[in-house]
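For reference, the structure is listed below as structure tokens.
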Amino acid sequence: MTEKKPRRVLIATLGQAPGTVTGMLDALAKAEEGPKVRMDEVVTLYTRDTALFPISRFRSPREALTAYESHPLQVKVLCQQLGPPQSGVFEAELYGHYERGWGTAPKFDPRVGYLQDRGQGVEDITCDRQNLLFLRLAYRTIAQHQQDGYEVYVSLAGGRKTMSALLYLATQFSEKVTGCYHLIVPDEIERLSGIEQWSGLTPTDKQRVLHPGEESTLVPIPVIGLPQEWRESEAFKALVQRYFGKDVPLDESTMKDLTQAFEGALDR
């Protein structure tokens, strides 16, 4: 009997440089120091500030999409601004690179990792409440995919340092993830990677930004996590429910309480 291939998901923080995600996908599949695996799904954790360009800068959504159609992932994030119902309309444009190169594109739904508060997109992470909201989103995303049987790979390469730190913290509360990585690229590529420069890049530079290949370095990051015996305890389960439960209210003291509870767990 043929052994069933495990499904794999990349959960990645995303800021203004979509190449941090496409470059990570490439590195995980090809880099000598990497696991050499292809992802079946990608989840990007991002805020409203990640948006490529406001739709208002263009005469129509179609003009905006046309401007970026050569970059599938950017188009996908841009589709989020059009609203979830429209995102599927452009599916044929979104992952052309991986359809051609891998034969099948990773599943991607821009609604999954979009940070919201009371139904509104969060522009940036600037206070305790928003930090906890992002931590909760990261934890739930990891936990849900683990429950669904995925091998979870985590990328800390994109977005603000706050987002990467919170995603890494979420891995400590979760079942141990399969791999956690950062991606380093030369300064020249990093300077070109911001989305606001995209329209002025040459085709060659666009490829370097999105698919840096051998110019990039994949850096494995160890994930230690909580001891298994503590994670299986009723105290831990109560802690998770208290801070990550669906209907748990948030206030300014919650992050402090969570930090103290986490420190108490490590002292046991």
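Taken together, the values in this text are just the output of simple stated rules run on the coordinates, not laboratory data. Just so it is clear, the structure is predicted and the values come from calculations on it, not from any experiment. Cβ coordinates were reconstructed from backbone atoms using ideal geometry, including for glycine residues, and neighbour counts include every protein chain displayed.
For the stretch 168-231, what does the alpha-carbon gyration tensor say about shape, rounded, prolate or oblate, given a ≥ b ≥ c as the root eigenvalues, a/c under 1.5 as rounded, and a/b over b/c as prolate?
prolate
For Ala157, which sequence-distant residues (separation of 5 or more, or a different chain) have an amide H within less than 5 Å of its own amide H, given hydrogens modelled in the peptide plane?
Correct list: Thr13, Leu183.
Which pairs in the list Lys36/Lys237; Lys30/Lys107; Lys30/Lys161; Lys30/Lys176; Lys36/Lys107 are over 28 Å apart, alpha-carbon to alpha-carbon? Working shown, then result.
Working: Lys36/Lys237 34 Å; Lys30/Lys107 19 Å; Lys30/Lys161 26 Å; Lys30/Lys176 23 Å; Lys36/Lys107 18 Å.
Among Lys36/Lys237; Lys30/Lys107; Lys30/Lys161; Lys30/Lys176; Lys36/Lys107, the Cα-Cα distance tops 28 Å for Lys36/Lys237.
Which GluC sites (Glu not before Pro) from the stretch 196-234 combine a DSSP loop assignment with at most 16 other Cβ atoms within 10 Å?
Glu232
Taking the Cα centre of each part, how many Å lie between the stretch 98-148 and the stretch 190-229?
Here the two parts' Cα centres lie 18 Å apart.
For a quick check: with amide H placed at 1.01 Å from N, whose amide H comes under 5 Å from Ile221's, ignoring anything fewer than 5 positions away on the same chain?
Close amide H contacts, sequence-distant or interchain: Cys180, Tyr181, His182.
Using 0.36 nm per residue, how much length does the chain from Glu99 to Lys5 gain when fully extended, once their Cα-Cα distance is taken away?
31.9 nm
Counting Lys +1, Arg +1, Asp -1, Glu -1, what net charge surrounds Glu188 among other residues with beta carbon under 11 Å of its beta carbon?
Cβ neighbours under 11 Å give a net charge of -2.
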